[in-house]
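Working notes, beginning with the structure itself.
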Amino acid sequence: MDKPAGMTSHDVVARIRREFGTRKVGHAGTLDPMATGVLILGIERGTKFLAHMVAATKAYDATIRLGASTTTDDFEGEVINQTSAEHITDEQALAEIKKLTGDIMQKPAKVSAIKIDGKRAYQRVRDGEEVDIPARPVTVSRFDVNASRTEPREFDVTVECSSGTYIRSLARDLGDSLGVGGHLTALRRTAVGPFLLADASPIDNLQLSLTLDEALVRCYPRLDVTEEEAAKLAMGQWLEPRGLKGTHAAVGPDGRSVALIKEQGRRLATVFVAHPSTL
C-alpha cells in the first residue's frame, strides 16, 4: 500500500486486519510515521511468504535540510544544534554527497528499529538509555539532487540503496560533513525491490495488489513444472536436481505458483510451499 504520513506500520496492520477481517496480517520493512510510500503487507498465507520475499534494494525521494541536527535525525526530533547554512553552495553539497555514494560505512540512527541485546534501539532511547550503534556496510547506488533551496537550505534528493540503509543517517552525515548539521524533513519510499508505487493502493481504497502466485514470480525466476511435479511439491516432496542456481518459483500447468524451490545437494527441495496439499 501507499502509506500516508502520521501512521505507524503497526497502525497499518491493524487497519488491514479490520478491512479484510483476519488477524493474519504482516508487513515487510517498517516505515517511520513521518514517511509515506511503498509498504508491503502479506495477508493470510501471504504472511509466510514475507520471510522469503526478495527486496535487496529500495528507492526513496527525500528532502534534507541543513543547518540543524536533531535527536532523531529528522524533523520530529528535538533540535540539538542549529546554525546558518546559507553559505553552503550546491557544489560543496554535491562533493560531500559523492562521498556518501557507493559502498560506505553508515552508523544507523539511534532511534532505529535495530535490536540491541533483544531490545529495539528506539525503545532504549525512550527509556533514557545511551545508545551507540556500530557503523555497518551499506550501498548507496544513487544519490541525486533534484532541487535546492536557500531559505531554508534544503535539497530534494532521490536515493537508491541497499536494504538496511537509513536515509535519515545520510541527511545527518551530509550535514555533519559540511559542518552545519542536517536532518530529514520529508521521506517517500518509491520502491521496495520489484514492488513499486504503481502497485500500491491508498489507505482509503485498499485493494489486493498481487495474489500470492503473482508475488512469487515477481520476486523469483519462474520454473515451469508438470502437474505431477506440482503435486509432489505441494506435499513438500523433492524433485530431481536440474542444475539450477538460486531459488526459483515453481509454476504448474494451471498457472499457480506452487512453491519456492532450491537445489540442495542431490535434491530440488521446497523452500516455501505456497499451496500445500493440506490446505
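What follows draws every value from the coordinates through simple rules; no lab data is involved. A quick note: this is a predicted structure, and the numbers were derived from the prediction, not measured. When we count neighbours, we look across all protein chains shown, and the Cβ atoms used for this are built from the backbone with ideal geometry, even at glycine.
Out of these labelled values of Cα extents along the principal axes in Å, [x] 64, 37, 34; [y] 82, 37, 35; [z] 70, 42, 37, which was calculated from the coordinates shown here? Given [x] 64, 37, 34; [y] 82, 37, 35; [z] 70, 42, 37, the structure-derived one carries the label [z].
If the cut-off is 27 Å between C-alpha atoms, which lysines fall inside it for Lys262, apart from same-chain ones fewer than 8 positions away? Result set, ordered by chain and number: Lys24, Lys48, Lys58, Lys232, Lys245.
Mean separation of Cα pairs under 8 Å and 6 or more residues apart, divided by the residue count, gives the range 23-72 a relative contact order of 30 percent. Cβ-Cβ distance of Leu50 and Ser84, R₀ of 41 Å, FRET efficiency by 1/(1 + (r/R0)^6): the value works out to about 0.35. Shape analysis of the range 57-192 places it in the oblate category; the axes a ≥ b ≥ c from the Cα gyration tensor give an a/c of at least 1.5, with a/b not above b/c.
Annotation note: trypsin sites (Lys or Arg not before Pro) in the range 245-279 located in DSSP loop regions with a Cβ neighbour count of at most 12 within 10 Å are Lys245, Arg266.
Estimated purely from DSSP H runs of n ≥ 4, each contributing -39500 (n - 2.57), the mean residue ellipticity at 222 nm for the chain is -6000 deg cm²/dmol once divided by its residues.
For the range 1-57, the calculated P(r), taken from all Cα-Cα distances in 10 Å bins from zero up to the bin holding the longest distance, is 25, 53, 22, 0 percent. The slack in the chain from Met34 to Gln237, taken as 0.36 nm per residue of separation less the alpha-carbon distance, amounts to 68.5 nm. When only alpha carbons are used to place a centre, the range 33-61 and the range 149-214 end up 14 Å from one another. Mind running the shape call on the range 19-109? Use the C-alpha gyration tensor, a ≥ b ≥ c as the square roots of the eigenvalues: rounded below 1.5 for a/c, prolate if a/b tops b/c, oblate otherwise. Prolate, since a/c reaches 1.5 and a/b exceeds b/c. Let me know the shape class of the range 213-273, please: from the alpha-carbon gyration tensor, a ≥ b ≥ c as square roots of the eigenvalues, rounded when a/c is under 1.5, otherwise prolate if a/b is greater than b/c, or oblate. In terms of gyration-tensor shape, oblate. Less than 9 Å Cβ to Cβ from His275, Lys/Arg counted +1 and Asp/Glu -1: what total charge do the surrounding residues give? So the surrounding residues net to +1.
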